[in-house]
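Have a look at the structure below before the remarks.
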Amino acid sequence: MRSVFLFVMGLAVGLAVESGLAQTQNRGIVGLNHVALSVPNLDAAVTYYTKTMGFPEAFRSRDDKGQVTLVYVQISRDTFIELQPANAQRPAGFNHFGVVVQNVKNAADMFKQRGANVGDVRVSATKAILSNITDPNGIRIELAELTPDSEHRKAMDRWK
């Protein structure tokens, strides 16, 4: 029940962010891309979201030891749920939400100028260009530039 509540809250936050961003001067913001959940049993969560909810698996990422580090399931062409295994540093529950931007460096600079706590720009294992913002409540907002080679963009392009 808690997972469903967190999922619904994540979607509500995402919709509010997307609606709010569309009405402001935040140039280069495309919209909400995903809500990330840390789960105690990744296989069970993937089964639930793909079988029970009917969201197809879009892609998964593995570390250099072959361990799955995340799985994306696709709700619609542009919207995903990111599932990550919970651990001591990442407890089960809501982890972050991701916002697509046209250019991560420009978006990071814009938010830094406004006083946001913005992290370094990096390329992820999924080939998205990312930067993280931590809000005053400790909530992480992931800025994501989705290159043509990113797993996100490939999944979006495959969507029918």
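Looking only at segment 21-67, filter to residues that are within 25 Å of I139 (Cβ to Cβ) and of a type in the set (V, I, T); which one of those is nearest to the chain's Cα centre (by Cα)?
Once the filter is applied, the top-ranked residue is V35.
Kindly provide the set of residues from segment 111-160 that are touching an Asp or Glu at 6+ places or on another chain (Cβ under 7 Å) and among the β-branched types (V, I, T), ordered by number.
Hits for segment 111-160 are T126, I129, I141.
Could you tell me how many of the residues in segment 146-160 are surrounded by 12 or more Cβ atoms within 10 Å (Cβ to Cβ) and in a helix (DSSP H, G or I)?
Summing the residues that are surrounded by 12 or more Cβ atoms within 10 Å (Cβ to Cβ) and in a helix (DSSP H, G or I) in segment 146-160 gives 7.
Please enumerate the residues belonging to segment 89-102 that are small (G, A, S) and either farther than 20 Å from N41 by Cβ or at pLDDT below 95 (or both).
The one that is small (G, A, S) and either farther than 20 Å from N41 by Cβ or at pLDDT below 95 (or both): G98.
For the condition open to solvent by 30 Å² or more (accessible area, probe 1.4 Å) and closer than 16 Å to G28 by Cα, what is the one hit in K112, K127, K65, K51?
K112
Let me spell it out: the conditions are (1) under 22 Å from G31 (Cβ atoms); (2) without any contact (Cβ under 8 Å) to a residue 60 or more places away in the chain; (3) not in a strand (DSSP E or B), and L143 meets all of them except one. Which number is the exception?
(3)
Residue by residue through segment 98-109, note down the ones that are over 12 Å from S131 (Cα atoms) and open to solvent by less than 60 Å² (accessible area, probe 1.4 Å).
Once the filter is applied, which keeps residues that are over 12 Å from S131 (Cα atoms) and open to solvent by less than 60 Å² (accessible area, probe 1.4 Å), segment 98-109 yields nothing.
Six or more apart or on different chains, Cβ atoms under 8 Å: show the pairs whose first residue is in segment 32-56 and within 21 Å of R153 (Cβ to Cβ) and modelled with pLDDT of 95 or more and whose second is surrounded by 21 or more Cβ atoms within 10 Å (Cβ to Cβ) and hydroxyl-bearing (S, T, Y).
From segment 32-56, the pairs are H34/Y72; F55/Y49.
Sort out which residues of segment 74-94 are touching a Ser or Thr at 6+ places or on another chain (Cβ under 6 Å), closer than 19 Å to R62 by Cα and surrounded by 17 or more Cβ atoms within 10 Å (Cβ to Cβ), and write them in order of number.
Q84, A86
When residues of segment 67-123 are filtered for being among the small types (G, A, S) and assigned to a loop (DSSP other than H, G, I, E, B), how many remain?
Adding up the residues that qualify gives 6.
The values are calculated or read from the model by the stated rules, or taken from the named source; none is laboratory data. Source: prediction; values computed, not measured. Cβ atoms come from the backbone with ideal geometry, glycine included; neighbour counts cover every protein chain shown. Please note that ligands, DNA and RNA were not included when accessible areas were found on the heavy atoms of the full protein model with its side chains. Shrake-Rupley method; radii C 1.70, N 1.55, O 1.52, S 1.80 Å.
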